[in-house]
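Trainee: What follows is a single structure, and I will ask about it in a moment.
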Amino acid sequence: MTVPAPGLGPLVAFELHVQRREFLAWLAALVFLLLTLGYGASGVVELVGDRGPVPRAAPWAIAQAMAGVTAFGQVITAMIAATTVLRDVGTRTQGLILATPLPWPRYLLGRFLGTLAVLGLIYLMIPAGLVAGFALGDPAAVGPWRAADVLLPLALLVVPTVVLVAAVFFAAGARSGGFAVILLVGIGLIALWQTGLSLERRGLAAGPWLDPFGNAVVAHLTRDWDATMRATAPVPWTGLVLRHRAAWLGLALAVLAWTLRTWRPGAADARAVAGDRLTTSATHDESGSARTWPALPAALPAARLAAPLAALPSAWRQAAAEWRFGWRWVLRERGFAALVILALLNAMANGWPVAADPGALLRALEFHARLFAILVATIYAGELAWRDSDVRADGLLAALPASPATRLAGRTAGVLTGLAALPLALFGLGVALPALRGASPDTACAARWMLGVSAPGFAALLLGSLGVHLVVRSKTVAHLLVIAAWVAAIALGARGLAAPWGGYGRC
């Protein structure tokens with residue numbers, strides 16, 4: 001009996017079911033929701049450069065905010081697309097799937113549509129956060145707004161950009177079978193975006209067309225507007241906007257159609273599977289035909305790392321192993337990498353205008369990276385408290401000689417070690433941006449800021465969040481309490497109540 005091949009619906013439903021359990025998908029939705037909520041409700045997050053006295057809900061401001069968040073969010077789009085298109089190759093299940101009656105083009109198209117469905121749900125958090133923020137914010141600062149002011153940028157900026165970038169990333173991943181090519185394509189898109197904005201500022205007609213995300217088009221159409229027009233006039237969504245979006249969207253869909261028509265599992269997938277970095281050596285069987293076997297590495301890194309720990313008591317060995325696991329786990333997480341990249345892009349964009357003043361630069365970096373630090377600390381505190389039970393490993397770990405407190409201390413130290421990548425990256429920005437602006441970087445000031453403000457504050461965020469989880473013993477309730485506490489802390493900080501360690505690192 002012939003089993004009929006499934007249609008596109010079950011493939012999309014399967015992708016939604018898988019992504020429902022993905023840490024990165026929930027993280028991305030939370031990032032977009034909190035970014036836009038913070039912008040709409042208060043001045044904690046600023047998404048529109050040079051907004052001045054223009055109300056946050058003015059049509060021009062909404063368009064700029066949605067376009068900017070969507071452009072920065074392409075890091076998340078890359079991660080989601082890579083997870084989907086490379087999952088079957090990485091888990092060695094693609095061969096099983098393609099051995100079914102399912103046609104290859106339908107298989108790939110179904111995965112792409114599933115990716116779009118997931119991304120659509122994630123990017124819906126942008127208008128949801130804006131609407132919620134406008135409802136919660138001060139009416140005088142928010143200003144009047146209409147549903148069309150949110151829906152038109154959603155339809156003409158956000159949705160085409162998501163489809164465009166997802167199609168390009170998906171095609172790159174399917175053709176190459178590796179994440180590195182997706183990353184290179186993403187860097188190319190960001191380069192085109194920045195180049196388009198730069199050329200538009202110089203008044204060159206090519207600028208808006210080079211920007212694949214549409215930010216330069218909006219900037220070009222409103223470049224001569226004064227504060228009054230920005231506050232009241234609607235953005236002209238016809239003409240150039242429609243032609244630009246149709247051109248870029250058509251190009252991306254043509255690339256995707258070519259990929260669906262020509263893709264076959266083979267060399268690209270073999271290269272991705274070979275990403276284990278094992279060398280191979282050829283031998284021959286008795287008949288003389290060549291065959292390839294994986295060759296063992298010369299020395300096992302795990303054995304070398306474990307040797308110095310052998311002399312320690314068993315509890316300390318377990319704590320050291322948990323520490324090693326903690327920092328490796330953090331640094332290998334794509335979600336953490338996405339958040340660090342977004343934090344750096346946001347801090348760089350807002351720190352560049354004041355890069356010549358070291359003190360002002362570091363204050364800008366601290367302010368504009370704060371939300372991302374809160375997100376990272378909140379999420380990883382929950383993972384520290386609940387990860388073992390979520391993966392059903394708590395019973396196995398309870399049989400180890402080390403106490404739960406020892407294991408938790410070791411893993412917390414490891415997570416803090418891995419999360420130090422964020423303050424270190426911000427320190428690098430604090431040194432690099434003045435040099436790029438032609439000023440003399442104050443390395444001592446940046447180091448004092450990192451050691452006295454950024455790193456201690458980040459550690460306090462993580463440890464405070466972890467304490468809430470350990471006391472409440474409910475993951476959902478603890479996350480809600482922690483987020484509410486950090487919102488209150490930001491509000492108190494805006495009123496002059498700084499953290500006790502803050503005075504040491506100020507320049």
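The values are calculated or read from the model by the stated rules, or taken from the named source; none is laboratory data. This one's a predicted model, so the numbers in the text were calculated from it and none came from an experiment. Methodologically, a virtual Cβ is constructed for each residue, glycine included, from the backbone with ideal geometry; neighbour enumeration extends over all protein chains shown.
Trainee: With the requirement that a residue be free of Cβ contacts under 8 Å to residues at least 60 places away in the same chain and within 18 Å of Val162 (Cβ to Cβ), what does segment 217-229 give you?
Mentor: Val217
Trainee: Quickly run through segment 230-250 and pick out the residues that are without any contact (Cβ under 8 Å) to a residue 40 or more places away in the chain and part of a helix (DSSP H, G or I).
Mentor: Those that are without any contact (Cβ under 8 Å) to a residue 40 or more places away in the chain and part of a helix (DSSP H, G or I): Leu240, Arg243, His244, Ala246, Ala247, Gly250.
Trainee: Return the pair list, or none, for Cβ contacts closer than 6 Å from residues in segment 337-358 that are not assigned by TED's automatic domain parsing to the domain that holds Glu46 to residues that are of a type in the set (Lys, Arg), at least 6 apart or on different chains.
Mentor: Close Cβ pairs (under 6 Å, with a partner that is of a type in the set (Lys, Arg)) amount to Ala355/Arg437; Ala356/Arg437.
Trainee: Tell me whether segment 437-445 contains one or more residues that are modelled with pLDDT of 85 or more, surrounded by 14 or more Cβ atoms within 10 Å (Cβ to Cβ), under 23 Å from the mean Cα position of the chain (by Cα) and more than 15 Å from Val330 (Cα to Cα).
Mentor: Looking through segment 437-445, none of the residues is modelled with pLDDT of 85 or more, surrounded by 14 or more Cβ atoms within 10 Å (Cβ to Cβ), under 23 Å from the mean Cα position of the chain (by Cα) and more than 15 Å from Val330 (Cα to Cα).
Trainee: Here's a follow-up. Going by the structure shown, is Val89 more than 18 Å from the chain's Cα centre (by Cα) and at pLDDT 90 or above?
Mentor: Against the criterion (more than 18 Å from the chain's Cα centre (by Cα) and at pLDDT 90 or above), Val89 does not qualify.
Trainee: When you scan segment 396-419, do you find a residue that is surrounded by fewer than 22 Cβ atoms within 10 Å (Cβ to Cβ), at positive phi and of a type in the set (Gly, Ala, Ser), even just one?
Mentor: no
Trainee: Let me ask you something else. Answer with yes or no whether Ala402 is more than 23 Å from Val482 (Cα to Cα), in the same structural domain as Trp329 (by TED's automatic domain parsing) and under 21 Å from the mean Cα position of the chain (by Cα).
Mentor: no
Trainee: Restricting attention to segment 401-435, which residues are outside any helix (DSSP H, G or I), over 24 Å from Val471 (Cβ atoms) and among the aliphatic types (A, V, I, L, M)?
Mentor: The one that is outside any helix (DSSP H, G or I), over 24 Å from Val471 (Cβ atoms) and among the aliphatic types (A, V, I, L, M): Ala420.
Trainee: In addition: Among (1) at pLDDT 85 or above; (2) touching a helix residue (DSSP H, G or I) at 6+ places or on another chain (Cβ under 8 Å); (3) closer than 24 Å to Glu46 by Cβ, there is one condition Thr228 misses while meeting the rest; what is its number?
Mentor: Going through (1) at pLDDT 85 or above; (2) touching a helix residue (DSSP H, G or I) at 6+ places or on another chain (Cβ under 8 Å); (3) closer than 24 Å to Glu46 by Cβ one by one, Thr228 breaks only (2).
Trainee: Given Ala247, Ala257, which one is modelled with pLDDT of 90 or more and closer than 14 Å to Val163 by Cβ?
Mentor: Ala247
Trainee: Looking at Val482, Val468, which one is β-branched (Val, Ile, Thr) and modelled with pLDDT of 85 or more?
Mentor: Exactly one residue qualifies, and that residue is Val468.
Trainee: Report the residue count in segment 36-72 for those that are part of a helix (DSSP H, G or I) and either more than 15 Å from Ala135 (Cα to Cα) or not assigned by TED's automatic domain parsing to the domain that holds Val142 (or both).
Mentor: 13
Trainee: Under 9 Å by Cβ, and 6 or more places apart or on different chains, what pairs join a residue from segment 204-216 that is in contact (Cβ under 8 Å) with a residue 12 or more places away in the chain with one that is buried (at least 20 other Cβ atoms within 10 Å of the Cβ) and acidic (Asp, Glu)?
Mentor: From residues that are in contact (Cβ under 8 Å) with a residue 12 or more places away in the chain, the pairs are Gly207/Glu200; Pro208/Glu200; Leu210/Glu200; Asp211/Glu200; Asn215/Glu200; Ala216/Glu200.
Trainee: Cβ-Cβ under 8 Å, sequence separation 6+ or interchain: first residue in segment 437-448 and touching a residue at least 40 places away in the same chain (Cβ under 8 Å), partner among the small types (Gly, Ala, Ser) and loosely packed, with under 13 Cβ neighbours inside 10 Å. Which pairs?
Mentor: What qualifies is Pro441/Ala435.
Trainee: In segment 218-234, which residues are crowded, with 22+ Cβ neighbours inside 10 Å and out of contact with any Asp or Glu (no Cβ under 7 Å at 6 or more places or on another chain)?
Mentor: Val218, Arg230
Trainee: Only one of these is small (Gly, Ala, Ser), within 22 Å of Asn346 (Cα to Cα), surrounded by fewer than 20 Cβ atoms within 10 Å (Cβ to Cβ) and touching a residue at least 40 places away in the same chain (Cβ under 8 Å): Ala141, Ala128. Name it.
Mentor: Being small (Gly, Ala, Ser), within 22 Å of Asn346 (Cα to Cα), surrounded by fewer than 20 Cβ atoms within 10 Å (Cβ to Cβ) and touching a residue at least 40 places away in the same chain (Cβ under 8 Å) holds for just one of Ala141, Ala128, which is Ala128.
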